[in-house]
1. Return yes when VAL187 is aliphatic (A, V, I, L, M) and in contact (Cβ under 8 Å) with a residue 24 or more places away in the chain and no when it is not.
2. Just to be sure, is SER231 over 27 Å from HIS83 (Cα atoms) and either touching a Cys at 6+ places or on another chain (Cβ under 7 Å) or free of Cβ contacts under 8 Å to residues at least 60 places away in the same chain (or both)?
3. Quick check on this structure: which one of VAL11, VAL16, VAL66, VAL86 is of a type in the set (Val, Ile, Thr), more than 17 Å from the chain's Cα centre (by Cα) and surrounded by 11 or more Cβ atoms within 10 Å (Cβ to Cβ)?
4. Checking the condition of a type in the set (Ser, Thr, Tyr) and either farther than 22 Å from LYS94 by Cβ or touching a helix residue (DSSP H, G or I) at 6+ places or on another chain (Cβ under 7 Å) (or both), which residue from SER230, SER266 passes?
5. Under the condition of being acidic (Asp, Glu) and under 24 Å from the mean Cα position of the chain (by Cα), which residue from the range 195-224 is surrounded by the most Cβ atoms within 10 Å (Cβ to Cβ)?
6. For the range 93-110, indicate whether the set of residues that are in contact with a Leu (Cβ under 6 Å, 6 or more places away or on another chain) and assigned to a loop (DSSP other than H, G, I, E, B) is non-empty.
7. So LYS109 fits all but one of (1) touching a residue at least 40 places away in the same chain (Cβ under 8 Å); (2) more than 19 Å from the chain's Cα centre (by Cα); what number is the exception?
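Every number in this text was worked out from the coordinates using simple rules, so none of it is lab data. Since this is a predicted model, take the numbers as computed values, not measurements. Here the Cβ positions follow ideal geometry from the backbone for every residue, glycine too, while neighbour counts run over all protein chains shown.
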Amino acid sequence: MPQDYDVTRQVWEGKVPVEFVLAAHECTIIDAPKPYYAMLPRISYFPLALERAYKYFMSAVDESEVNKDDVWLEYDGYPLKWHYPVGVLFDLHKTDDVLPWQITVHLKKFPEDDIIRCAGRDALESMFMQSLKEADQLKHRGEIVNTMQKRDHKQLWNGLVNDRFDQFWLVNKKLMENSGSNTFHFVPMRLYKTDKPYRQVLVKPMNEAAERTTLAEACRIFDPGFDSSSSRVVSHGVEVPLDTPVIWLAENLAYPDNFVHISILSS
């Protein structure tokens, strides 16, 4: 099943308008700072945008009392996981149509029991590359990513960081090879629910009947109790038809880490 260039391009260009506001009780000046606005790629990660927001809000706090490692984000009472893509977090937590997405920036009292710390951009890059290598291990037993040179890995990362589709896909197309000896063994998929960690299990492109595995079948592999009548299955902000072959999802809707990220929401 060939890749659809128009779909992958539209997926890449998806954006979320975000309004960062400083937690009111952490402001040390009389007039609270105005919000910081940003258009964030769905496929990106909050730490890549947070540095600018952090610098913006520093004028409103006592710098001597702030540790950059203590910065965290919250929406509607939920601490946001920095290692989840922006689009996944939006799909999981944003239940209304009000935009921009207002997110509270906290500079203190990091919720150690709920989320892990981000040790900086290098840690994010390491996490991203590890996830990408894991995806290729599932698809090609690592045979493609392991033959790439360091500059290829860097090009993938820089393409994501700088929001450059062509730069990224010049290398990523090799990881999407699905023909001949490079056909996918498994489809890299992660399924999310709002109040639970994501789940990841082995999903084959073809089922036991030698037919293409559908999204509905994959959801039941992840959750045998999956009920399509009471659930919406969403990726990139779009409800995905349950009869969609998972191989098509892998070729067209995968995030830059090469995983298909699916959110299961109550209908």
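1. Answer is yes for this residue.
2. So SER231 fails the test.
3. After ruling out the rest, the residue left standing is VAL66.
4. SER266
5. Within the range 195-224, the match that is surrounded by the most Cβ atoms within 10 Å (Cβ to Cβ) is GLU217.
6. No, there is no match, as no residue in the range 93-110 is in contact with a Leu (Cβ under 6 Å, 6 or more places away or on another chain) and assigned to a loop (DSSP other than H, G, I, E, B).
7. Against the list (1) touching a residue at least 40 places away in the same chain (Cβ under 8 Å); (2) more than 19 Å from the chain's Cα centre (by Cα), LYS109 comes up short only on (1).
To keep it simple, each residue is scored yes or no on (1) more than 22 Å from LYS109 (Cβ to Cβ); (2) of a type in the set (Ser, Thr, Tyr).
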position: GLN10; (1), (2): yes, no
position: GLU19; (1), (2): no, no
position: LEU22; (1), (2): no, no
position: CYS27; (1), (2): no, no
position: TYR36; (1), (2): no, yes
position: ARG42; (1), (2): yes, no
position: TYR45; (1), (2): yes, yes
position: TYR54; (1), (2): no, yes
